[in-house]
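What follows is a short report on a single structure.
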Amino acid sequence: MLWKLLIRSQLCRLCSFRKMLSASKYRPSLASFTYTTDHQSNKENKRTVEKLYKFSVDIRKIRRLKGWVLFEDETYVEEVADVLQQLGANEATVASILERCPEAIVCSPTTVNTQREVWQLVCKNEQELVKLIEQFPESFFTIKDQETQKLNIQFFQELGLKNVVIGRFLTTASNIFHNPIEKNRQMISILQESYLNLGGSEANMKVWLLKLLSQNPFILLNSSAAIKKTLEFLQEQGFTNFEILQLLSKLKGFLFQLCPGNIQNSISFSKNAFKCTDHDLKQLVLKCPAILYYSVPVLEERIQGLLKEGISIAQIKETPMVLELTPQIVQYRIRKLNSLGYRIKDGHLANLNGTKKEFEANFGKIQAKKGRPLFNPVAPLNVEE
């Protein structure tokens, strides 16, 4: 039955293709259609194409990526290129930026110059700004709420965040700059209040807050109600204020982005999978906070993957951080350890655990130990004459 369905599908596609070829004799090609509703602009803007060629831009890349910009009546190729060149961008850099972010040419010179001024608030010089634009052109040319963006940059600077960190936010977490500044101020106040209520000290609060924001700026997109609800839920689960602070720091604030219902599901599943008491589960969570973060399907997949490799539940309970590894990483690391004669299922999971760098370091130590001679080459030998 399956092969019949496949043949039928291929025949339908062939018929559709023939109809398309036939119809193409009586209508213009798709390339001549406009991407806008303006019936007068039914072809690519020749002036735009010529200007892009002038700056050595690969038009084919733009057609594949965002061809609609070539159909716009009003574009600013020369003006945008001029702004980039004023900042110190060479011809190759200008071409690269326009090829990867074609919508830049529909941004007016006024808005681009304003964006330049806003971003320069966090850049030491124009050379640094050009480098940032070259790396993240879409972030720079996605222009909106410029005054709000400016106010939020100044607010983050007042908090004590370094410009390099704010610059990273601009390119990877731009949504937080479109929050009304009052919303960001309110979220910062909620975080500070929560930290103090959990027993944090006034002296350490600034350091804690800046580290939290640096690790997870998206926390500012949450609501104050969601943060309070999550904290109340964890307290109901028996976690102390100090333990909740630990979880917040280890999960880099992502805890606030979780729904209490999902956390409860993960807790219930883990408790059943590990056959443990509430107290024992809490200790597991403190060792591996990701248990709260991962969904039930992810936890189930990772536990099953470990069991298939001959690892026992008791071993996982002893080193729960191993749950942060995907089944593919687990398989790869076990194969490498097996190549040295190390049987992970017979020992501790510490050598399997850790980041890639930590694992490679441990693997190197085991490898060196395996290759070490059984005798001391420096010690004198008692050889009978």
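Only aspartates and glutamates eight or more places from LYS356 in sequence, or on another chain, were considered; those with a Cα closer than 18 Å are GLU324.
For the chain, which span is the longest to avoid every loop-located (per DSSP) member of trypsin sites (Lys or Arg not before Pro) having at most 11 other Cβ atoms inside 10 Å?
Details: sites that count: LYS25, LYS124, LYS144, LYS275, ARG343.
Value returned for the longest uninterrupted segment is 145-274.
Using the empirical formula 2.2 N^0.38 Å as the baseline, the Cα radius of gyration of region 270-313 reaches a ratio of 1.14. Per the Debye formula on identical point scatterers at the alpha carbon atoms of region 95-165, with no solvent, log10 I(q)/I(0) at q = 0.11 Å⁻¹ is -0.27.
Taking Cα centre as origin and charging only the Cβ of basic (Lys, Arg, +1) and acidic (Asp, Glu, -1) residues, the dipole magnitude of the chain rounds to 1780 debye.
Highest mobility in the GNM of the chain, judged by mean-square fluctuation with C-alpha springs under 10 Å and restricted to GLY347, GLY305, GLY160, is found for GLY347.
Per the Kirkwood formula applied to alpha carbons, region 234-385 shows a radius of gyration over Rh ratio, Rg over Rh, of 1.15.
How much accessible area per residue does the chain have, counting only protein heavy atoms and a probe of 1.4 Å, in square angstrom?
Values: 22600 Å² over 385 residues.
Ligands and nucleic acids excluded, the result is 59 Å² per residue.
Mind running the shape call on region 287-345? Use the C-alpha gyration tensor, a ≥ b ≥ c as the square roots of the eigenvalues: rounded below 1.5 for a/c, prolate if a/b tops b/c, oblate otherwise. Prolate. Quick one: among ASP145, ASP346, ASP58, which has the greatest mean-square fluctuation in a GNM of the chain with alpha-carbon springs under 10 angstrom? Fluctuation is largest for ASP346.
Per residue, the convex hull spanned by the alpha carbons of region 214-302 comes to 95 Å³.
Computed from Cα atoms alone, the Kirkwood hydrodynamic radius reported for the chain is 26.6 Å.
Relative to one another, the C-alpha centroids of region 257-285 and region 49-116 are positioned 52 Å apart.
What are the GluC sites (Glu not before Pro) within region 50-132 that DSSP puts in a loop, where the Cβ has at most 12 other Cβ atoms within 10 Å? Intermediate values should be presented prior to the final figure.
Details: sites: GLU50, GLU72, GLU74, GLU78, GLU79, GLU91, GLU99, GLU103, GLU117, GLU126, GLU128; in loops: GLU72, GLU74.
Here the GluC sites (Glu not before Pro) that fit, given the DSSP loop and packing criteria, are GLU74.
Kindly identify region 68-221 as rounded, prolate or oblate by the Cα gyration tensor criterion: order the square roots of the eigenvalues as a ≥ b ≥ c, call it rounded if a/c is under 1.5, otherwise compare a/b with b/c, prolate if a/b is larger, else oblate. Prolate, because a/c is 1.5 or more and a/b exceeds b/c. Rounded to the nearest 20, the size of the Cβ-charge dipole of region 255-366 about its Cα centre is 280 debye, with Lys and Arg at +1 and Asp and Glu at -1. Measuring r between the beta carbons of GLU202 and TYR53 and using R0 = 51 Å, the FRET efficiency lands at 0.25.
The values are calculated or read from the model by the stated rules, or taken from the named source; none is laboratory data. Computed from a prediction, not measured in an experiment: that's the story for all the values here. Reconstructed Cβ throughout: ideal geometry from the backbone, glycine too, with neighbour counts over all protein chains shown. With ligands, DNA and RNA removed, areas are computed over all heavy atoms of the protein, side chains included. Shrake-Rupley method; radii C 1.70, N 1.55, O 1.52, S 1.80 Å.
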